[in-house]
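What follows is a single structure, written as structure tokens, with notes after it.
The values are calculated or read from the model by the stated rules, or taken from the named source; none is laboratory data. These numbers were taken from a predicted model, which means no experiment stands behind them. Virtual Cβ from ideal backbone geometry, glycine too; neighbours counted across all protein chains shown. To get the accessible areas, we keep the full protein, side chains included, count just its heavy atoms, and leave off ligands, DNA and RNA. Shrake-Rupley method; radii C 1.70, N 1.55, O 1.52, S 1.80 Å.
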Amino acid sequence: MSTQETTSPPVRDNSASKLPLFALLSLATAVFITSLTETLPAGLLPAMSGSLGVSESATGQTVTIYALGTVLTAIPLSTVTAGWRRKRLLLTAMAGFAVANTVTAVSSMYGLTMVARFVAGVAAGLAWALLAGYASRMVAPNQRGRAIAIAMAGIPVALCLGVPAGTFLGQLTGWRTAFLAMTALTVLLLVWIVAAVPDYPGQGRGERPKLLPTLRIPGVTPVLFVTLVFVLAHTILYAYIATFLTALGMGGDTDLVLLTFGIASILSIWVVGAQIHRHLRILSVVSSLLVAVAAVLLATLSHDQALVYVAAALWGLGWGGVPTLLQTAAGEAGGESADAAQAMLVTLWNVAMAGGGVVGGVLLDLAGSGSFPWAVLLLMLPVIAVIVVARRHGFPTPASH
């Protein structure tokens, strides 16, 4: 998940009239790599588990440790590197992914794999605090939303094409090949960034976000609560989707189910991108309801394979636009403290990712994979309630703006 840069950008060039697509697409590829590196194990858990000699729940912690790396380092590293030139920082972060994915691909030891995944999470902490803000600095203010939407397109593309393709490649040639392919893509991206992406200066020491006072701003806490619980619910199921489908006798369909989810996610992010400035509240309500309905279908009717695909489509329709919705809600609620709100959002997002891996592993061991959709449904109920209640601040009606 990407958020806006956690420090205030300097004045951008207002004279730009055309979107720098080649440069923005390189950022979208960086977003794709960060998103795919995080979630790739979801489609490869059984194979990775066998190779590393640990249980599937233990292998699921490769998602947890990645998120933990981001949680522990995103804000401190963003502060330490605030003065770095932006291009240097982006290249450093992406080089970290190349190293981490290479080690993951060749490691036969669970401990070493976990270290590599933690390093990948640290690199993500740098990248996620940088990419959306980087995109916004390339264009005039009236093009900022479109530029960020292009850069963030890497998220649904990773869900739609990356994870299913990685799952298919892993099933065809072995899971290690999927991670090596990620390394190759990252090396190509480093060349692309050097050639196409403009550089910008870092920020001054006085521009660091103030986190605690931001929590007292009306609307910020509801958005952060929804972020934490919504992402936790999603991750519990998504991190173990291969295990869940295998228990249904659909292990061979994992790539197709993920493809269905991803295509629906792309449709969702397109709709959200087109309507968010007019309908933030209703889109947030509908998104959460769709995920809840998908959970009900998976909890009660998963014996019907066709309905599993229907649930995957509803899940994708609900989830695809969520990063954009929550990022926008946090920025609007935070107002002048939007940078601080975004810094907390990216941290809580990854706390939830880590928590989802842990909770999912515990549920798998104690209650089996059939408990996942029930857990999702249970968590989505307070999410829906908070969005509905926060009609003045957080997820306001148009009249409340």
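A simple packing score, the average count of other Cβ atoms within 10 Å per residue, orders the peptides 163-170, 178-185 as 163-170, 178-185, with the highest score first. Each helix, a run of at least 4 DSSP H residues, gives -39500 (n - 2.57); summed and divided by the residues of the chain, these come to -25000 deg cm²/dmol at 222 nm. Annotation: peptides 370-380, 230-240, 309-319, 106-116, ranked by per-residue average of other Cβ atoms within 10 Å with the highest first, follow the order 230-240, 309-319, 370-380, 106-116. For the residues Gly361, Gly252, Gly219, a GNM of the chain with alpha-carbon springs under 10 Å puts the largest fluctuation on Gly252.
When the Cα atoms of region 245-401 are aligned to their principal axes, the ranges along those axes come out at 51, 30, 25 Å in descending order. Note that the chain presents 37 Å² accessible area per residue, ligands and nucleic acids not counted, probe 1.4 Å. Remark on Gly83: its backbone amide H falls under 5 Å from those of Gln203, a criterion applied only to residues 5 or more positions apart or on other chains, H modelled at 1.01 Å from N. Computed from Cα atoms alone, the Kirkwood hydrodynamic radius reported for region 299-370 is 14.8 Å. Under the rule a/c < 1.5 gives rounded, and otherwise a/b versus b/c splits prolate from oblate, where does region 176-314 land using the Cα gyration tensor? Cα axes put region 176-314 in the oblate bin.
Counting Cα-Cα pairs of region 87-136 in 10 Å increments starting at 0 gives whole-percent bin shares of 28, 46, 21, 6, 0.
At q = 0.26, 0.30 Å⁻¹, what is the base-10 log of I(q)/I(0) for region 238-297 according to the Debye formula with one equal point scatterer per Cα and no solvent? Please give it to two decimals. So the normalised log intensities work out to -1.10, -1.21. Evaluated at q = 0.06, 0.12 Å⁻¹, the base-10 log of the normalised Debye intensity for the chain, with identical point scatterers placed on the Cα atoms, takes the values -0.21, -0.88. Here the accessible area of the chain is 71 percent carbon and sulfur, with a 1.4 angstrom probe and all protein chains present.
What FRET efficiency comes out for Trp374 versus Val194 if R0 is 45 angstrom and r is the Cβ-Cβ distance? Round to the nearest 0.05. So the FRET efficiency works out to roughly 0.40. Counting 0.36 nm for each residue step from Val296 to Val187 and taking away their Cα separation leaves a gain of 35.0 nm. The order of the peptides 297-308, 33-44 by mean Cβ neighbours within 10 Å, most packed first, is 33-44, 297-308. By a 1.4 Å probe calculation restricted to protein chains, Glu56 has an accessible surface near 60 Å², given to the nearest 10. Can you compute 3J(HN,Hα) from phi for each residue in region 346-361, using the Karplus curve 6.51 cos²θ - 1.76 cosθ + 1.60 with θ = phi - 60°, rounded to whole Hz and x for Gly and Pro? Computed from phi, the couplings for region 346-361 are 5, 5, 5, 4, 7, 4, 5, 4, 5, x, x, x, 5, 4, x, x Hz.
Placing a label point 7 Å from the Cα of Val388 along the Cα-to-Cβ line, the residues of region 267-290 whose backbone N sits under 19 Å from it are 280-290.
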